[in-house]
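Report on one structure; see the data block that follows.
The values are calculated or read from the model by the stated rules, or taken from the named source; none is laboratory data. This is a predicted model, so every value here is computed, not measured. FYI the Cβ positions are ideal-geometry reconstructions off the backbone, even for glycines, and counts take in every protein chain you see.
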2 protein chains.
Amino acid sequence: MSNLTEVQSRLPQTGCAALLMPSSDEYLSEYARPRDRRLPWLTGFTGSIGSVIVGRDKAAIFVDGRYTEQAARQVDTDLVSVCGFGSVAQVAWMRSNLAPGEKLAVDSRLHSEEELSRLLDLLREARIEIELAPRNLVDDIWREGRPEDSRSTVFDYDIRYAGLSRQEKIAGARARLAERGQELLVVGDPEDVAWLLNIRSNDSRDTLAKRNFVDPVSQFRVPVPLSRALVPLEGAARWFVDRSRLEHSLIEVLDGTVEIMDPAAFDAELARLASGRIVAANARRTNHHLAGIIRSAGKLVHDPSVVAARGIKHENEIAAARAGHKADGAAVVRFLAWLLDAVKVGPVTELDAAERVTQLRAQNPLYLGPSMSNLSASGPNAALPHYVPTPATNRLLNDHPVYWLDSGGQYLGCSTDNTVCFAVGMPEPKHVTAHTLAVKGWLALGRARFPEGTQSTQLDSFARQHLWQHGMDFGHGTGHGVGNFLNIHEVPHIRKEIDHPAVAPIRAGMIVSNEPGYYAQGDFGVRIESHILAVPSRFDGFLEFETLSMLPIDPALIDATLLDDAEARWLADYHEALVEGYRDTLDGEAMAWLESIADAFHAIANARPK
Amino acid sequence: MSNLTEVQSRLPQTGCAALLMPSSDEYLSEYARPRDRRLPWLTGFTGSIGSVIVGRDKAAIFVDGRYTEQAARQVDTDLVSVCGFGSVAQVAWMRSNLAPGEKLAVDSRLHSEEELSRLLDLLREARIEIELAPRNLVDDIWREGRPEDSRSTVFDYDIRYAGLSRQEKIAGARARLAERGQELLVVGDPEDVAWLLNIRSNDSRDTLAKRNFVDPVSQFRVPVPLSRALVPLEGAARWFVDRSRLEHSLIEVLDGTVEIMDPAAFDAELARLASGRIVAANARRTNHHLAGIIRSAGKLVHDPSVVAARGIKHENEIAAARAGHKADGAAVVRFLAWLLDAVKVGPVTELDAAERVTQLRAQNPLYLGPSMSNLSASGPNAALPHYVPTPATNRLLNDHPVYWLDSGGQYLGCSTDNTVCFAVGMPEPKHVTAHTLAVKGWLALGRARFPEGTQSTQLDSFARQHLWQHGMDFGHGTGHGVGNFLNIHEVPHIRKEIDHPAVAPIRAGMIVSNEPGYYAQGDFGVRIESHILAVPSRFDGFLEFETLSMLPIDPALIDATLLDDAEARWLADYHEALVEGYRDTLDGEAMAWLESIADAFHAIANARPK
């Protein structure tokens, strides 16, 4: 009996006709830990986001466009139909498959307050009944062989990297509470907790220690413990975390500022502290169960101020980011110099390349493990923006002229995430055109100057404009905020959806990615990605970007006739600065190769009419 | 006794301590008719938008930044303090000036449902009581000398210009109702009514007949009667309008499709038809009093579908727009040719120029009057984006090298609104730089190509990017939708505020203005403005713009070194097309002058290195 059919057989005992199971965990993590991956356990689907509704004799999985094909391959399509993403599709399926009066079981811990409120509205309109409880049938059944939670140690994150002390950050949070007449801050997002309390975990180091370079994906963790915090206006901040994972030195420095409490005590303590109070919580990052406790006890006010505060980097964070990008970029330059040689003399696969770049990063003593999976993509695989190679899909790079690698590392004070795109064979004009247009978008965003506070969505079109002129586009956001030795995805996002919750005004000190691309389905793909830092320009009130990533562009994939003079000059200057920047770090073949790239861009710039 | 003090003396009889009076009328018109201009009657302030709160012995006027100076000049500042715009500022003033338990009188007809709901929330939080009723003290007092309402005739708007018949438009509205399970459409915006029922009024012709060319401002009307309509799912559409203004032929063609009803019967008929029904109404264009009637009788659903439908022009509307822009542009070209000669031989004032352009427009038999006031601006006046000259502010154009004129006309099938900016003396480098950067933004938006459905706010930054590079910007939107012989301001707006209600996806068939500028306070200003039509590009799913306005740019205000090759070439081709386009319309001095402009742009393009 499969896990799915076992759940179906036990459904009648629950009194419900169907069960909704999302990919997220009760912390609403972007990457759920293995023990919380209920969706793959139920269906076999391993994509990063989706949900399933299990009925007594049928089921449906709800995934977005990029996962339709993968879901159809991974699930048992005799039992499970593949449907579009989102609550509207879910309700449509339930309208057709539930009889009037039948109930849907929903685990109130696995959905954000914001998301579940929307679903509840739709269900009410559709007259579908719901049984909402902080539990689910999968947890009743899935016991044997269920992975343990991470046991990596949790440590004090040095102020050299964090910038502000936890006392200063907590005082800031309290000042914001007081300013708005609020009395309690609920920090429901483990990444917000890690930033606020200056703590990190050894998860990425543990991944590194396993030396599993081929598949860093399944090992990858955001280096924070799953935990929550409560910050009342007065008295100690409470941190709900497994005390046995904390380094002794961390426990010592927390004393007097932060009270460590048992995670099992969270609900009761929240109810107690929220009672009769105005409570600030990020409704997008607080699960519906906890929001219900707040609403029963006091008044809930949506407040994303912690995630907003951590988006603006301190000068220490910025200094560490510059150092981290140099350390990381050196490994990527070495990788590229190796790769372009290796493909000339023998076969190299996507997985070979992914392994090699991780090995090179691991040679750096500052490297603390991967910040993401290695997206190593060639040929038609490279047309899937989120492609991660597996033994089943692994391609020979030698078979296609264009290759891109989207990968990153964790360093103290810096999470990197970058994409390099190089010709490993003789590119065709269509490859060169698409890449040049994407690079022009990358230049337009990277070279933009704009008033502080410009909405991130307004910068999105800068990166797309040159592709648009040729009737081309890319189906993902242009960029996203980046954490400091944290999750590489943060607020703000640079994207076209103006009502997306991660769209926000750009402020000095924000670090975002700049990653336009182009994807020709079934054929090829290109992408370049850097991290850029918003800094004051010489004009009062106007910002510009400093490119933090130190990565070369492939001149063989540039059509110089599509560049204007300023773009050609900028690329030449940029590559010259890379050579200078790496002079104390790189030598031998890697340096010679990088110099040859810089020379090629100088030749492009100098060949233009004066 | 001033009007203000008379209102203050009678306040105690109302049982309220203060009275709120906005600039808008009960139709929420952008331009209230003289009899509805309660704010100027009360305070002397003549700006287009603002509000006053009158207390027993003091008062405050609430205006946005562009009107602060004007308000301070126009109101009696011993009695009235000048405050910032909006409900937050209003509530702050009330907190300081009303005692607990004192009441504010608000006329529920003069605020949109959306706006007043927000104010009511704020007042509730501030514990300020309110007396809400569909009446106000100003109307009780202001009887003598109050202007009559417009008596201009209302006529059938020919399908040659309207495109779709009123039967087709009503059927479309009913189909949208049925699709959404709604049962009644309330059309509360007189412009929506005019579009839906294919009717217009002679207001702009009446303005023209008065031949008051110096001050078309105070005469200007959107050429529609103030009226409302109700469209139930079944039975006749009801139109609430003064029957005596309707041409007999209009009454005849309406028979069987539209029932004409007395405006005084509207509230009762609305209550009757809304009873127990789901009612669609645009909450931004329906006043709070009417929304209250709907909510008491049935269920109100916000629905902006009529204004959305009229934003997408029919092929007949587009054909008429092309013709209208040519007719209008020819008058403006003649004006410019005259002006540049006239300033060489003698004094010309802002008002002289404003009068001249209206006279030239009026020579065209297709012209039906002004679509807006003539913004004719020189020197420091030109630094005020919404400046309209008056005898008190009138400047000699000969005193400053840069002049711009923002003006427009009404034509059957076309409302124009354009800005030309020319050097009437020797411009300084700062004038040329600012103008060239604004023109580069105008080119970037006008030459953009983008996926259909791109949000208007995402195109806004295209027009600003070159100014931004120099630390410059402009404080108004980049563009706005344009009506068809209607109001020149419509949804969508191209602007930076992503949560503005007029931000919308751009669709093929939309006409918007493209009007970047730059304003150096107390010194000078530049602006260029065209109307552009979104049309399918040669790439499937991508739109581009066709520039409808046929107006020259001043080559004397262009720094060719700031242009790229493509921009220089586009400007040369554009001006060559103007010359060709006007060959059957213009001759003599105007044509010779236009040819000299085109020659100058050819010289700029041809001087570039190959």
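Taking the condition in contact (Cβ under 8 Å) with a residue 60 or more places away in the chain and not assigned by TED's automatic domain parsing to the domain that holds A:His476, does A:Arg56 pass?
Values: in contact (Cβ under 8 Å) with a residue 60 or more places away in the chain: no; not assigned by TED's automatic domain parsing to the domain that holds A:His476: yes.
When the stated conditions are applied, A:Arg56 does not pass them.
Are any residues in the range A:90-108 surrounded by fewer than 19 Cβ atoms within 10 Å (Cβ to Cβ) and over 22 Å from A:Tyr67 (Cα atoms), and if so, which ones?
A:Arg95, A:Ser96, A:Asn97, A:Ala99, A:Pro100, A:Gly101, A:Glu102, A:Lys103
Scanning the range A:470-508 for residues that are within 28 Å of A:Lys430 (Cα to Cα) and of a type in the set (Lys, Arg), which turns out surrounded by the fewest Cβ atoms within 10 Å (Cβ to Cβ)?
Ranking the qualifying residues of the range A:470-508, first place goes to A:Arg495.
Residues checked against (1) modelled with pLDDT under 95; (2) among the aromatic types (Phe, Trp, Tyr); (3) crowded, with 20+ Cβ neighbours inside 10 Å:
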residue	(1), (2), (3)
B:Val88	yes, no, no
B:His111	no, no, yes
B:Ser117	yes, no, no
B:Arg124	yes, no, no
B:Trp142	no, yes, no
B:Val154	no, no, yes
B:Val186	no, no, yes
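State all residues of the range B:542-580 that are within 14 Å of chain A (Cβ to nearest Cβ) and within 27 Å of the chain's Cα centre (by Cα); if no residue qualifies, say none.
B:Leu543, B:Glu544, B:Phe545
Could you grab me the full set of residues in the range A:61-78 that are crowded, with 17+ Cβ neighbours inside 10 Å, not in a strand (DSSP E or B) and not hydroxyl-bearing (Ser, Thr, Tyr)? Outline the logic, then answer.
First, pick out the residues of the range A:61-78 that are crowded, with 17+ Cβ neighbours inside 10 Å: A:61-63, A:66-67, A:70-71, A:74-75.
From the residues that got through so far, the ones that are not in a strand (DSSP E or B) too are A:66-67, A:70-71, A:74-75.
The answer is A:Arg66, A:Gln70, A:Ala71, A:Gln74, A:Val75.
Quick one: in the range B:1-35, which of the residues that are assigned to a strand (DSSP E or B) and among the hydrophobic types (A, V, I, L, M, F, W, C) is surrounded by the fewest Cβ atoms within 10 Å (Cβ to Cβ)? Steps first, please.
Taking the range B:1-35 first, the residues assigned to a strand (DSSP E or B) are B:18-22.
Those still in the list that are among the hydrophobic types (A, V, I, L, M, F, W, C) too: B:18-21.
Numbers: B:Ala18: 25, B:Leu19: 25, B:Leu20: 23, B:Met21: 25.
Going through the qualifying residues, I end up with B:Leu20.
Taking A:Ala600 as the residue in question, decide whether it is assigned by TED's automatic domain parsing to the domain that holds A:Val439, surrounded by fewer than 16 Cβ atoms within 10 Å (Cβ to Cβ), assigned to a helix (DSSP H, G or I) and more than 33 Å from the chain's Cα centre (by Cα). Don't jump to the end; show me each part of the working.
Working: assigned by TED's automatic domain parsing to the domain that holds A:Val439: yes; surrounded by fewer than 16 Cβ atoms within 10 Å (Cβ to Cβ): no; assigned to a helix (DSSP H, G or I): yes; more than 33 Å from the chain's Cα centre (by Cα): yes.
No.
With in a helix (DSSP H, G or I), within 21 Å of B:Ser305 (Cβ to Cβ) and touching a helix residue (DSSP H, G or I) at 6+ places or on another chain (Cβ under 9 Å) as the only criterion, which of B:Leu230, B:Leu273 stands out?
Numbers: B:Leu230 fails: in a helix (DSSP H, G or I).
Exactly one of B:Leu230, B:Leu273 is in a helix (DSSP H, G or I), within 21 Å of B:Ser305 (Cβ to Cβ) and touching a helix residue (DSSP H, G or I) at 6+ places or on another chain (Cβ under 9 Å), namely B:Leu273.
Hey, could you check the range A:405-427 for residues that are closer than 15 Å to A:Ala354 by Cβ and out of contact with any Leu (no Cβ under 8 Å at 6 or more places or on another chain) and say which is surrounded by the fewest Cβ atoms within 10 Å (Cβ to Cβ)?
Applying the filter and picking the extreme gives A:Asp417.
More than 11 Å from chain A (Cβ to nearest Cβ) and not small (Gly, Ala, Ser), is that true of B:Pro492?
Working: more than 11 Å from chain A (Cβ to nearest Cβ): yes; not small (Gly, Ala, Ser): yes.
The answer is yes for B:Pro492.
May I ask you to list the residues in the range B:274-290 that are of a type in the set (D, E, K, R) and over 10 Å from B:Val187 (Cβ atoms)? Let's see the steps before the verdict.
Filtering the range B:274-290 for residues of a type in the set (D, E, K, R) gives B:277, B:284-285.
Once the filter is applied, which keeps residues that are of a type in the set (D, E, K, R) and over 10 Å from B:Val187 (Cβ atoms), the range B:274-290 yields B:Arg277, B:Arg284.
Could you give me the residue pairs with C-beta distances under 6 Å whose first residue belongs to the range A:581-605 and is at positive phi, whose second residue is assigned to a helix (DSSP H, G or I) wherever it lies, and which are 6+ apart or on separate chains?
none
Test each condition in (1) surrounded by fewer than 22 Cβ atoms within 10 Å (Cβ to Cβ); (2) within 24 Å of A:Gln70 (Cβ to Cβ) for A:Thr43 and report the one that comes out false.
The single condition A:Thr43 does not satisfy is (1).
Among the residues of the range B:294-308, is any over 20 Å from A:Glu125 (Cβ atoms), surrounded by 23 or more Cβ atoms within 10 Å (Cβ to Cβ) and not β-branched (Val, Ile, Thr)?
Within the range B:294-308, none of the residues are over 20 Å from A:Glu125 (Cβ atoms), surrounded by 23 or more Cβ atoms within 10 Å (Cβ to Cβ) and not β-branched (Val, Ile, Thr).
For a quick check of your reading of the model, give me the residue pairs whose first member lies in the range B:495-512 and is assigned by TED's automatic domain parsing to the domain that holds B:Gly481 and aliphatic (A, V, I, L, M), whose second is surrounded by fewer than 17 Cβ atoms within 10 Å (Cβ to Cβ) and in a loop (DSSP other than H, G, I, E, B), with beta-carbon atoms closer than 9 Å and at least 6 apart or on different chains.
Pairs that qualify, where the first residue is assigned by TED's automatic domain parsing to the domain that holds B:Gly481 and aliphatic (A, V, I, L, M) and the partner is surrounded by fewer than 17 Cβ atoms within 10 Å (Cβ to Cβ) and in a loop (DSSP other than H, G, I, E, B), are B:Ile498/A:Asp499; B:Val503/B:Glu497; B:Ile506/B:Glu452; B:Ile506/B:Gly453; B:Ala508/B:Glu452.
Only one of B:Ala598, B:Ala607 is more than 14 Å from chain A (Cβ to nearest Cβ) and not acidic (Asp, Glu). Can you tell me which? Spell out how you get there, then give the answer.
Details: B:Ala607 fails: more than 14 Å from chain A (Cβ to nearest Cβ).
Criteria check complete, one pass: B:Ala598.
Any residue in the range A:77-92 that is not assigned by TED's automatic domain parsing to the domain that holds A:Val7 sitting within a Cβ distance under 7 Å of a residue that is assigned to a strand (DSSP E or B) and modelled with pLDDT under 90? List the pairs, counting only those 6 or more apart or interchain.
none
With a cut-off of at least 1 residues that are more than 13 Å from chain A (Cβ to nearest Cβ), touching a Cys at 6+ places or on another chain (Cβ under 8 Å) and aromatic (Phe, Trp, Tyr), name the strands (runs of 3 or more DSSP E) lying wholly within the range B:383-463. If you could, list the steps in order and put the result at the bottom.
Values: elements: B:402-407, B:409-411, B:418-423, B:449-451.
The qualifying strands (runs of 3 or more DSSP E) are B:402-407.
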